[in-house]
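Step one of this worksheet: look at the structure below.
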4 protein chains.
Amino acid sequence: MVKVGVIGANGYGGVELLRLLKQHPLVSVEKVISHSTQGCKLTEQYPHLNDVFEMTLEKIDIEEIASNVDLLFFATPSGVSKEIIPPFLERKVKCIDLSGDFRLKDGLLYEKWYKNTQAKNELLQNATYGLTELFRSEIKNGHLIANPGCYPTATILGVYPALKAKWIDQKSIIIDGKSGISGAGRNASIGNIFAEINENMKAYKIGLHQHIPEIEQLLNVISGEEARISFTTHLVPMTRGIMCTIYGDLKVTISTQKMIDLYKETYKDEYFVRIRSANEWPATKEVTGSNFCDIGLRVDERTNRLVIVSVIDNLVKGAAGQAIQNMNVINAWHEKTGLANVPLYP
Amino acid sequence: MVKVGVIGANGYGGVELLRLLKQHPLVSVEKVISHSTQGCKLTEQYPHLNDVFEMTLEKIDIEEIASNVDLLFFATPSGVSKEIIPPFLERKVKCIDLSGDFRLKDGLLYEKWYKNTQAKNELLQNATYGLTELFRSEIKNGHLIANPGCYPTATILGVYPALKAKWIDQKSIIIDGKSGISGAGRNASIGNIFAEINENMKAYKIGLHQHIPEIEQLLNVISGEEARISFTTHLVPMTRGIMCTIYGDLKVTISTQKMIDLYKETYKDEYFVRIRSANEWPATKEVTGSNFCDIGLRVDERTNRLVIVSVIDNLVKGAAGQAIQNMNVINAWHEKTGLANVPLYP
Amino acid sequence: MVKVGVIGANGYGGVELLRLLKQHPLVSVEKVISHSTQGCKLTEQYPHLNDVFEMTLEKIDIEEIASNVDLLFFATPSGVSKEIIPPFLERKVKCIDLSGDFRLKDGLLYEKWYKNTQAKNELLQNATYGLTELFRSEIKNGHLIANPGCYPTATILGVYPALKAKWIDQKSIIIDGKSGISGAGRNASIGNIFAEINENMKAYKIGLHQHIPEIEQLLNVISGEEARISFTTHLVPMTRGIMCTIYGDLKVTISTQKMIDLYKETYKDEYFVRIRSANEWPATKEVTGSNFCDIGLRVDERTNRLVIVSVIDNLVKGAAGQAIQNMNVINAWHEKTGLANVPLYP
Amino acid sequence: MVKVGVIGANGYGGVELLRLLKQHPLVSVEKVISHSTQGCKLTEQYPHLNDVFEMTLEKIDIEEIASNVDLLFFATPSGVSKEIIPPFLERKVKCIDLSGDFRLKDGLLYEKWYKNTQAKNELLQNATYGLTELFRSEIKNGHLIANPGCYPTATILGVYPALKAKWIDQKSIIIDGKSGISGAGRNASIGNIFAEINENMKAYKIGLHQHIPEIEQLLNVISGEEARISFTTHLVPMTRGIMCTIYGDLKVTISTQKMIDLYKETYKDEYFVRIRSANEWPATKEVTGSNFCDIGLRVDERTNRLVIVSVIDNLVKGAAGQAIQNMNVINAWHEKTGLANVPLYP
């Protein structure tokens, strides 16, 4: 059994890690850590864990933790993991970071979009971006995995085949993102409360979202050109789920079916990416609780544009699930290990 | 008192008309008509109308109706009003049609997108498109008003000032539409039931929606060029509300504030259109139950695109409310008459 | 025009008062006051009020307020109005208090259930309990109205006819209450956020809710006996609406229809109370946004119990609407004035 | 591997069986059967099953099915399984019926409450009622298991310890039930659609629900007395989850803590029943997707009543999960096999 710990175990990302780790046959959770609620039992915060996880949240004690775990998940707010990860790496603990601290290779971009000082450059350069389907071979040997953001995961899996094939024009890409509220975390603010969110849809952070440079960095890598995207974000009155509707100008004349064929071929060995048939569109509920990314496609001949709809569960493929998928890769386990659960429907 | 009737009074559009007409001081509802549930009391279908509207749904009897009303609202499914409106017009009853039957001047487009035979061409040409803010003077003298669709209302009010000023490139316009489920009407289908919609978001009819030619017809009028838009539609787990997020390439270099100024100037005499300040975005709940259209704007200098977010209550400004606004124009009443209610928040 | 003010105007109760006062033809809102957000414009807190209420929230300045209004609504948290109402009463300003500070005649009960010191006893005894349908004549001459709680309003209107007729046994009364989340106010707490409330139902404060002594006080008055009720409260994932399901042992042998007849007779002159037919049950949405209280009844012959289902909109008949109804009584206006709006459905 | 089949696989109960069977290590699903959609692929009805269950729905062919499976689940509507189960039993296929056809020992009660002819009496008497925690030893040797209803499961687990101990008076028991909408199945009806259910709560079938005789039959067995309960049912705007709030007059003087101790002792070996501490109440979301039944308790000294709050996921412990738990018992497997998943939260 590989021994793991979760730092930031009292947030939604942390609790989702625990749910999935519980069903993983090859790991044991040895440590659950929370700065803000240390000393509390997990079940005080989350009664649904009664009789399931009767552990007590501990404080961050580097020696104590490092001597008890092989791998650590960081489900911490922005700005935390860049401070506390280095000593764990020195002690040969593998680290999978669910925050944005190590995702951007260009530290200045981090400072601009996250309004915070960047991590040490050496670490930034050594961190491996954990979009499993694209960077599996690098992840295999990674010690510090920067687990992707939720929107970037849905977006990049959605555009990758068409962009790689140079069938769409990178400069034309527009991403209209919609997210459930759990992406905002378990934080009390007036904008988060039920009466404000229910029966409501609102746009937020348009043009200012910190996932913009992350997506552009990836598009640069895929296309070999400098990217500049329009990316908008909207809150939808649901708890889980992200949908990205993506628009791109076609550089070739092609049918919807040929486009679908390209996607199916590209992802033919990827269990977690499912491509829909023509005129069928994925719904967020069809991936709830699972690590799937479902993608629908249409070539609109009237406008010569490609429309892509990509959905994930933001807490699974967009966070905890992909983190576990990466742990599986690192340990050379089958990628589905602990992640084979069927979406909860309805 | 002007005497009015509602045909199709047992659908959501019809019931919303009744709600708003009840608070209108200058009209009396003389007839409520339903083909499918004639002979039933309204309150059997809608117990919330107990003691408010104790009328019985009647069948369509042209002479009987025409001799009792001055103006008729048609909240009927596609394909109905084109058949039953002509005799009412002959009898000098003014008609406001909430369906799509008379919106497209080109009958062939109707046939293509609605899969139905078109209305008589003479009527199509005489019908007045009822987007009040843009066509007030024509509506004033109209006898047959084609009340706009919900998505077109939000979209056109959203793009009009920038397009009219030629500040954006019409060919670049992309509209990402999101709608609550009431737009699908009070129809029982598996895709409509709560367990399928709740905690779910799905795309539908992408590139195939019948509002595409309606929007393009309007864009043609505004810009004087032939339009060809990308328009996608998504279902959001809420009952009321439409949000259109609209993207357009800028033809000029301009700041967000200057763009906002243009919109405020354009709509300065329009009570029902409200423009937000920079970095503030409208939410659908902020217009619930009201006839407002709220618009937020951002010029994204990184991509040289304009992003517009436009929201309405699909049953009010997107249907019944705008119909009443048009009735007010026809009768030379103040446009706010019967429409001054404050949004229901929260 | 009667000049009114709202103290606590930045909470949900306050904003609902503003919505309804706007449609009231005989009053003008002269002052909106908020201790916590004084100096802000209402529209900063509530963008749905743009162009509708462009007032600035003021601080509590007794002389300034008293010289500008005839009547004040207090939509303040527990414990506030008992401190600030006395000087307004001295200055002949009529006060309608939506909090619980003046509802209990026995100040010790207030201290026990509200964990706070009681109001001055003289004021407690002079305050008029504002359940309009039952205490209209007292309210007419009242200077300080203690507007009822939301659960008590639904409960008392639900049991009154059967209890008054001595057809049910008071000691047997059990009230199972269910409420939407807006009753918890616009307060940020983890228990309130969307991700915790959506797709969830939870019980809270069972046997400990501060509405228990309020309901018992009323039952005492109606029956002339000392009451002792079981009262449970549950949160339902919706914004507005309260449903109380009430059980009582029958003291007489009676049919459901006779029971319904009794209720219809009792409330025959009450516009805001609607009694359903046998085997028809009210739904909370059927009263949304309106001042109605809808009641369904069943005599269960198998168990010899009466089951009553009573629904209101907690922010209207359960708070702001009833407050305005009381203002209408005080001013000898028709009770429906400003309250005739149709429920928002769907 | 035990070979199983699911009849009625295209409803919510059937699909939930498939979700849970997929994660069960000791069974293989050999047959998925649907009368109404035979010949369709499961994924046409349920795209979330793409790449997970690529089976085709088959028609009911008794020989074909019986020769391929060891055990059959019936997730069929009322009235179906009583007709089709007998030939399977003759062919030694074990049958677990999720419908109500075999739950009532008194066939006349079935006829009265289900408005349908009863099953053959011999089968009724041989059927084993599958409330696992109470009837484990009988289930072990059962060939035909009548899987309990959702409300009865939550209710009986909730009242059993107190009633068995004779601490509450059976005649006083009142059950106020609240259910999510998935209990109504995947059926299109106007009462089921999102716009009618969302932001709404309604009572239904009060005093008429077919689970009344099922609960009473069980209470008779537990207490040895004839039971007669008040049972009301309400629809809550959520997809999954049932909460029963249960009231009973105490026959003994006892503290809340002693009551909790009794429950903890009674269920100390039951993994799936969790008892909360004093003043803590379970929420439906805390069991979502899991087979748990969570129970909270309060002795109200003011009224001398016990209040019990019992929650389950209606599709898991209230249907598919308990059916699998029973399959585990029949096969002498650990009861948690395939059912150890953590609730999905949030």
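The values are calculated or read from the model by the stated rules, or taken from the named source; none is laboratory data. Just so it is clear, the model here is predicted, and its values are computed rather than measured. Don't worry about glycine lacking a Cβ; one is built from the backbone with ideal geometry, like all the others, and counts go over all protein chains shown. What goes into the accessible areas is simple: the full protein's heavy atoms, side chains included, and nothing from ligands, DNA or RNA. Shrake-Rupley method; radii C 1.70, N 1.55, O 1.52, S 1.80 Å.
Can you pull out every residue in segment D:233-242 that is of a type in the set (A, V, I, L, M) and either on the phi > 0 side of the Ramachandran plot or open to solvent by 10 Å² or more (accessible area, probe 1.4 Å) (or both)?
The one that is of a type in the set (A, V, I, L, M) and either on the phi > 0 side of the Ramachandran plot or open to solvent by 10 Å² or more (accessible area, probe 1.4 Å) (or both): D:235.
Filtering segment D:75-98 to residues that are closer than 15 Å to residue D:130 by Cβ, assigned to a helix (DSSP H, G or I) and of a type outside the set (Gly, Ala, Ser) leaves only D:85.
Determine, yes or no, whether residue D:202 is under 17 Å from the mean Cα position of the chain (by Cα), charged (D, E, K, R) and facing another protein chain (nearest Cβ under 10 Å). No. Here is a check on your reading of the model: is residue A:3 in contact with a strand residue (DSSP E or B) (Cβ under 6 Å, 6 or more places away or on another chain), within 18 Å of residue A:93 (Cβ to Cβ), in contact (Cβ under 8 Å) with a residue 60 or more places away in the chain and of a type in the set (D, E, K, R)? Here the answer is yes, as residue A:3 does meet what is asked. If only residues of segment C:12-34 that are surrounded by fewer than 16 Cβ atoms within 10 Å (Cβ to Cβ) and outside any strand (DSSP E or B) are counted, the one that is farthest from the other protein chains (Cβ to nearest Cβ) is C:26. Within segment C:67-110, the set of residues being surrounded by fewer than 19 Cβ atoms within 10 Å (Cβ to Cβ) and either of a type in the set (Gly, Ala, Ser) or on the phi > 0 side of the Ramachandran plot (or both) comprises C:67, C:78, C:79, C:92, C:107. Per the listing D:183, D:130, D:142, the residue uniquely of a type outside the set (D, E, K, R), at pLDDT below 95 and in contact with a strand residue (DSSP E or B) (Cβ under 8 Å, 6 or more places away or on another chain) is D:183.
Strands (runs of 3 or more DSSP E) fully within segment C:134-232 that include at least 1 residues being under 24 Å from residue C:113 (Cα atoms), open to solvent by less than 50 Å² (accessible area, probe 1.4 Å) and not assigned by TED's automatic domain parsing to the domain that holds residue C:305: C:144-146. Would a scan of segment A:164-183 turn up a residue that is under 15 Å from the mean Cα position of the chain (by Cα) and more than 14 Å from chain B (Cβ to nearest Cβ)? No - not one qualifying residue is present in segment A:164-183. Looking only at residues of segment A:282-297 that are open to solvent by less than 10 Å² (accessible area, probe 1.4 Å) and among the polar types (S, T, N, Q), we find that the one that is farthest from the other protein chains (Cβ to nearest Cβ) is A:291. Per the conditions (1) more than 8 Å from every other protein chain (Cβ to nearest Cβ); (2) in contact (Cβ under 8 Å) with a residue 24 or more places away in the chain, the sole criterion not satisfied by residue C:271 is (1). Annotation: of all residues in segment A:35-49 being crowded, with 22+ Cβ neighbours inside 10 Å and in contact (Cβ under 8 Å) with a residue 12 or more places away in the chain, the one that is farthest from the other protein chains (Cβ to nearest Cβ) is A:42. Quick check, is residue D:117 out of contact with any Asp or Glu (no Cβ under 6 Å at 6 or more places or on another chain), more than 9 Å from every other protein chain (Cβ to nearest Cβ), of a type outside the set (A, V, I, L, M, F, W, C) and closer than 23 Å to residue D:292 by Cβ? The answer is no for residue D:117.
Of everything listed in (1) surrounded by fewer than 22 Cβ atoms within 10 Å (Cβ to Cβ); (2) more than 13 Å from every other protein chain (Cβ to nearest Cβ), the single unmet condition for residue B:304 is (2). Of the numbered criteria (1) surrounded by 21 or more Cβ atoms within 10 Å (Cβ to Cβ); (2) free of Cβ contacts under 8 Å to residues at least 24 places away in the same chain, the one residue B:124 fails is (1).
Within segment B:316-330, is even one residue touching a strand residue (DSSP E or B) at 6+ places or on another chain (Cβ under 8 Å) and surrounded by fewer than 24 Cβ atoms within 10 Å (Cβ to Cβ)? Checked against the condition, which is being touching a strand residue (DSSP E or B) at 6+ places or on another chain (Cβ under 8 Å) and surrounded by fewer than 24 Cβ atoms within 10 Å (Cβ to Cβ), segment B:316-330 yields at least one hit.
Somewhere in segment B:233-244, is a residue of a type in the set (Gly, Ala, Ser), within 7 Å of chain A (Cβ to nearest Cβ) and more than 14 Å from the chain's Cα centre (by Cα)? The answer is no, given that none of the residues of segment B:233-244 is of a type in the set (Gly, Ala, Ser), within 7 Å of chain A (Cβ to nearest Cβ) and more than 14 Å from the chain's Cα centre (by Cα). Considering segment B:249-276, the residues that are polar (S, T, N, Q) and within 17 Å of residue B:304 (Cβ to Cβ) include one that is least open to solvent (accessible area, probe 1.4 Å), namely B:256.
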